[in-house]
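The values are calculated or read from the model by the stated rules, or taken from the named source; none is laboratory data. Please read these numbers as outputs of a predicted model, since none were measured by experiment. FYI the Cβ positions are ideal-geometry reconstructions off the backbone, even for glycines, and counts take in every protein chain you see.
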């Protein structure tokens, strides 16, 4: 039986699509960025339907180095238009190869107004075409370098952040399923993993610097007395203010929830809402955003790395 192709919201609202494939259900979230591969394969987008506000995709070449996670990805992607170019066709093929449902030709401006007034709501992508999923080859779990050695916990740390760490000279050892047996040869720990209770307890007890990003920062913050706000934020070039210097920098956010209160000392605040977005307490440095190389260097120096 043929069905109307489009996005079906849980309250009965329907957004028609001109093209697309696959079926999927999840939380529909607005993305105010143009990283069509990175964000769709970010582990924080797992199970979500991402609506990109950028009016047209498919101009940049598909670069498999931009894949953020091999285990987590969005349930679906909604766009207003994909360019009729070779790169546009490659982007469609990429989503299909990853098992990500796609809707094209949706009026994302109207959908954006709907989400602004209703918050993040559940929806379903419905088409008449199924998807075939392909397995991507897993990367190496060691990046040797000349500087201090960091233990990277989990696969959820964004590739662009890892590239910055390598550029700054850090040696990276990856631990996906378990913590290192000891920390005698490691100068610091970095993680964006949604921590299990045992991992969280271990990180609270280590004596070396812990750099927690995104969900990991939020979970550690809550365990130390912080509070969360149930609101998502997927955007790039967002202004934040460094509390100590009063300097404004622009950073990227990919979050299902936001910090409302942080433990210890707030380092950066949301320039628009004054909400804390980074903190330091004892040997733990937590920040919700993805920093540029200069901000990252400053933050790492703060904890002695």
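Worth a mention:
- Of the set (1) in contact (Cβ under 8 Å) with a residue 12 or more places away in the chain; (2) more than 18 Å from residue 105 (Cα to Cα), all apply to residue 59 but (2).
- Within segment 56-79, the only residue that satisfies the criterion of being assigned to a loop (DSSP other than H, G, I, E, B), more than 12 Å from residue 36 (Cβ to Cβ) and modelled with pLDDT of 90 or more is 75.
- Residue in segment 268-280 that is closer than 19 Å to residue 150 by Cα and either crowded, with 18+ Cβ neighbours inside 10 Å or under 19 Å from the mean Cα position of the chain (by Cα) (or both) present: yes
- Just one of the listed residues (18, 75) is in the same structural domain as residue 115 (by TED's automatic domain parsing), without any contact (Cβ under 8 Å) to a residue 60 or more places away in the chain and touching a strand residue (DSSP E or B) at 6+ places or on another chain (Cβ under 8 Å), and it is 75.
- Filtered residue count, segment 200-231, keeping only those that are touching a residue at least 12 places away in the same chain (Cβ under 8 Å) and touching a helix residue (DSSP H, G or I) at 6+ places or on another chain (Cβ under 9 Å): 18
- Selection within segment 1-35: residues that are over 12 Å from the mean Cα position of the chain (by Cα) and under 19 Å from residue 90 (Cα atoms). The member of this set that is surrounded by the most Cβ atoms within 10 Å (Cβ to Cβ) is 20.
Yes/no matrix, rows are residues, columns are (1) in a strand (DSSP E or B); (2) surrounded by 17 or more Cβ atoms within 10 Å (Cβ to Cβ):
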position	(1), (2)
217	no, yes
220	no, yes
250	yes, no
254	yes, yes
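- Flag for residue 22 being modelled with pLDDT of 90 or more and over 24 Å from residue 116 (Cα atoms): yes
- Number of the condition not met by residue 105 [criteria: (1) surrounded by 15 or more Cβ atoms within 10 Å (Cβ to Cβ); (2) closer than 30 Å to residue 230 by Cβ; (3) touching a residue at least 60 places away in the same chain (Cβ under 8 Å); (4) touching a strand residue (DSSP E or B) at 6+ places or on another chain (Cβ under 8 Å)]: (2)
- Residues (at positive phi and either assigned to a strand (DSSP E or B) or in the same structural domain as residue 73 (by TED's automatic domain parsing) (or both)) located in segment 229-248: 237
- Number of residues in segment 81-102 that are buried (at least 21 other Cβ atoms within 10 Å of the Cβ) and assigned to a loop (DSSP other than H, G, I, E, B) equals 1.
- Segment 39-56, residues that are in contact with a helix residue (DSSP H, G or I) (Cβ under 9 Å, 6 or more places away or on another chain) and buried (at least 22 other Cβ atoms within 10 Å of the Cβ): 39, 40, 41, 43, 44, 51, 52
- Subset of segment 261-275 (residues that are part of a loop (DSSP other than H, G, I, E, B) and closer than 24 Å to residue 206 by Cα): 262, 263, 264
- Checking 106, 110 one by one, the residue that is under 30 Å from residue 12 (Cα atoms), at pLDDT 80 or above, part of a loop (DSSP other than H, G, I, E, B) and assigned by TED's automatic domain parsing to the domain that holds residue 77 is 106 and no other.
- Screening segment 130-146 for residues that are modelled with pLDDT of 70 or more and out of contact with any helix residue (DSSP H, G or I) (no Cβ under 9 Å at 6 or more places or on another chain) and picking the one that is surrounded by the fewest Cβ atoms within 10 Å (Cβ to Cβ) gives 146.
- For segment 184-193, the condition of being at pLDDT below 80, over 23 Å from residue 255 (Cα atoms) and not in a helix (DSSP H, G or I) holds for at least one residue.
- If only residues of segment 276-305 that are in contact (Cβ under 8 Å) with a residue 60 or more places away in the chain and assigned to a helix (DSSP H, G or I) are counted, the one that is farthest from residue 189 (Cα to Cα) is 293.
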